[in-house]
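Contents: one structure, followed by commentary.
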Amino acid sequence: MTDLPKTYRVKSFGCQMNVYDGERMAELLGAQGMTAAAEGADADLVVLNTCHIREKAAERAYSDIGRLRREDGSKPMIALAGCVAQAEGAEAKARSRMIDLVVGPQAYHRLPEMVAEVANGGRPVDTDMPAISKFGALPARRKVGPSAFLTVQEGCDKFCTYCVVPYTRGAEISRPWADIVAEARSLVEGGAREITLLGQNVNAWSGEDEKGCSGGLDSLIRALARIDGLERLRYTTSHPADMTDGLIAAHGEVDKLMPYLHLPVQSGSDPILKAMNRSHSAESYLRTIEKVRAARPDIAISGDFIVGFPGETDEDFTTTLAIVDSVRYASAYSFKYSARPGTPAAVMEGAVTAEVMDDRLQRLQVRLAEHSLAFNRATIGKDLAILIDRKGRLPGQMIGKSPWLQSVFVETDAGIGDMLDVTVTHALTNSLGGVLRTAKAA
Ligand code: SAH
Ligand code: SF4
Ligand code: F3S
């Protein structure tokens with residue numbers, strides 16, 4: 001028997017959905033009377049909210065556990081949560097004796113009970129995947145920052161051959177319309193001015209509105225845009241196969257929907273896309289981008305890329321550079337392929353050597369950076385609305401987001417959550433600098 005923890009820390013390592021889960025776990029622990037440990041202070045309970053997507057991400061979980069041992073030899077209560085917890089289950093407990101409980105991403109509403117079990121001498125594991133029940137068991141949203149995440153869809157049925165998500169997050173499910181609208185309202189009441197709708201395949205969301213009419217993500221976006229006080233809507237991540245005409249049209253019609261679309265392509269080569277089981281070709285992807293740009297000409301496109309998928313030749317890689325040049329991405333994430341246990345690609349032939357992967361990644365990133373810089377430079381001299389979301393490092397400096405999700409540095413005495421008009425004066429690959437025009441009424 002040990003005491004119940006009084007303080008907690010949640011560390012999230014993964015994607016935005018993982019961050020959202022981390023926030024919900026923190027709220028859940030807070031509702032039990034625990035308080036967040038101060039920055040740098042020791043916590044009684046540490047929740048490691050892990051990511052399994054690439055080997056490096058998964059390994060981080062275990063390297064972090066080692067560092068939690070205190071000088072006197074004691075340790076906090078350690079909960080392994082997130083996608084590594086889901087993938088490894090009870091094996092994780094065998095791998096590290098320091099782990100006290102293992103809870104998957106669909107079961108974390110049970111965290112308080114599990115913590116109590118640990119205090120009673122147990123070492124529980126819960127990696128069940130009940131259909132969506134976790135949301136109903138979570139406390140209401142508490143005070144949030146100006147920009148909030150809201151998970152509307154979970155899981156993935158796409159089974160790209162390299163990816164663990166269909167196994168760690170389970171089948172695609174959409175949260176019900178009314179729950180999402182209620183959560184969005186409470187986020188806005190708690191201070192959010194921008195909401196990003198999240199899902200592994202967020203544009204696969206479907207549901208029925210209050211009148212029983214079924215619709216897709218576009219109808220949900222149109223309804224959420226009617227919430228007073230909510231000024232910006234975004235969504236991520238989308239799959240090219242689920243970019244419906246309705247959703248594309250919404251980009252041209254819903255003012256609050258920001259001109260930004262994260263639409264991963266992964267590769268520009270059709271044979272590789274086929275081996276990845278991506279269900280789109282380079283050409284069909286480009287056609288989708290064209291339609292989106294016709295609906296919203298100033299939209300910023302971002303993407304994800306994998307280099308060094310098994311069998312990728314120099315020629316395949318060259319077509320990836322070609323698609324980068326034709327889309328002119330405003331921003332992008334690029335990764336070296338990482339073989340993940342249990343996925344079909346892990347046993348494919350034609351492994352690409354580490355040296356070749358390094359070289360391709362470097363060349364791709366140089367090209368992507370050129371396009372980001374060009375996109376950012378094109379905003380110099382423009383007046384943008386910036387939603388301030390954090391402090392800069394210099395005194396008096398604040399950082400906000402442009403409609404195109406660029407980080408904009410500005411000197412101002414405005415606070416977090418204020419919306420400002422800023423004239424862009426300079427541009428770097430990953431940020432903009434600007435000067436204040438007039439402070440809009442916040
Ligand atoms: N559901 C989203 C995001 C999935 S994970 C989508 O389909 O786009 C985020 C990104 O990680 C992917 O887009 C992909 O580029 C990358 N990724 C996934 N599995 C990977 C692996 N095994 N190796 C390297 N990168 C991977
Ligand atoms: Fe993974 Fe593909 Fe699903 Fe995205 S669509 S989560 S890359 S399986
Ligand atoms: Fe990682 Fe799980 Fe997200 S594997 S990318 S935390 S869905």
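Worth pointing out:
One line per residue, one yes/no per condition, for (1) over 30 Å from L233 (Cα atoms); (2) open to solvent by 50 Å² or more (accessible area, probe 1.4 Å); (3) not polar (S, T, N, Q):
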residue: T50; (1), (2), (3): no, no, no
residue: Y62; (1), (2), (3): yes, no, yes
residue: Y108; (1), (2), (3): no, no, yes
residue: M129; (1), (2), (3): no, yes, yes
residue: S133; (1), (2), (3): no, yes, no
residue: K143; (1), (2), (3): no, yes, yes
residue: L150; (1), (2), (3): no, no, yes
residue: K158; (1), (2), (3): no, no, yes
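- From the list E27, E23, the lone residue that is within 16 Å of ligand 3 (Cβ to nearest atom) and closer than 19 Å to P112 by Cα is E23.
- Selection count where residues are within 16 Å of ligand 3 (Cβ to nearest atom), surrounded by fewer than 20 Cβ atoms within 10 Å (Cβ to Cβ) and of a type in the set (A, V, I, L, M), scope the range 331-362: 2
- Filter result for the condition that a residue is over 20 Å from the mean Cα position of the chain (by Cα), over 24 Å from G170 (Cα atoms) and assigned by TED's automatic domain parsing to the domain that holds V307, over A140, A119: A140
- Taking (1) farther than 17 Å from C15 by Cβ; (2) among the aromatic types (F, W, Y); (3) surrounded by 17 or more Cβ atoms within 10 Å (Cβ to Cβ); (4) within 16 Å of ligand 1 (Cβ to nearest atom) in turn, Y162 satisfies each apart from (1).
- T35 passes every criterion in (1) out of contact with any helix residue (DSSP H, G or I) (no Cβ under 6 Å at 6 or more places or on another chain); (2) buried (at least 17 other Cβ atoms within 10 Å of the Cβ); (3) modelled with pLDDT of 95 or more; (4) among the β-branched types (V, I, T) apart from (2).
- Inter-residue pairs, beta-carbon under 8 Å, first under 14 Å from T168 (Cβ atoms) and in the range 81-98, second open to solvent by 40 Å² or more (accessible area, probe 1.4 Å) and in a helix (DSSP H, G or I), 6+ apart: Q86/Y167; A87/Y167; E88/R95
- Where strands (runs of 3 or more DSSP E) sit wholly within the range 365-442, those with at least 2 residues that are more than 29 Å from V324 (Cβ to Cβ) and open to solvent by 20 Å² or more (accessible area, probe 1.4 Å) occupy 383-391, 419-427, 431-439.
- The residues of the range 196-240 that are among the aliphatic types (A, V, I, L, M) and part of a strand (DSSP E or B), listed by number, are L197, L198, L233.
- Total residues in the range 286-330, condition out of contact with any Gly (no Cβ under 6 Å at 6 or more places or on another chain) and buried (at least 18 other Cβ atoms within 10 Å of the Cβ): 19
- Residue match in the range 171-187 (condition: without any contact (Cβ under 8 Å) to a residue 24 or more places away in the chain and assigned to a helix (DSSP H, G or I)): yes
- Answer from Q406, Q397, Q365 - the residue that is closer than 26 Å to M258 by Cβ, at pLDDT 95 or above and assigned by TED's automatic domain parsing to the domain that holds Y285: Q365
- Considering residues of the range 265-317 that are hydroxyl-bearing (S, T, Y) and more than 24 Å from the chain's Cα centre (by Cα) only, the residue farthest from L364 (Cα to Cα): S284
- In the range 321-355, the residues that are within 15 Å of ligand 2 (Cβ to nearest atom), in a loop (DSSP other than H, G, I, E, B) and aromatic (F, W, Y): Y337
- Filter result for G268 (at pLDDT 95 or above, buried (at least 21 other Cβ atoms within 10 Å of the Cβ) and in a loop (DSSP other than H, G, I, E, B)): yes
- For the range 208-222, the condition holds for no residue, the condition being that it is over 22 Å from G417 (Cα atoms), within 16 Å of ligand 3 (Cβ to nearest atom) and open to solvent by less than 30 Å² (accessible area, probe 1.4 Å).
The values are calculated or read from the model by the stated rules, or taken from the named source; none is laboratory data. Quick caveat: nothing in here was measured; it's all calculated off a predicted structure. Note that we place each Cβ from the backbone using ideal geometry, even for glycine, and neighbour counts take in every protein chain shown. Heavy atoms of the whole protein, side chains included, go into the accessibility calculation; ligands, DNA and RNA do not. Shrake-Rupley method; radii C 1.70, N 1.55, O 1.52, S 1.80 Å.
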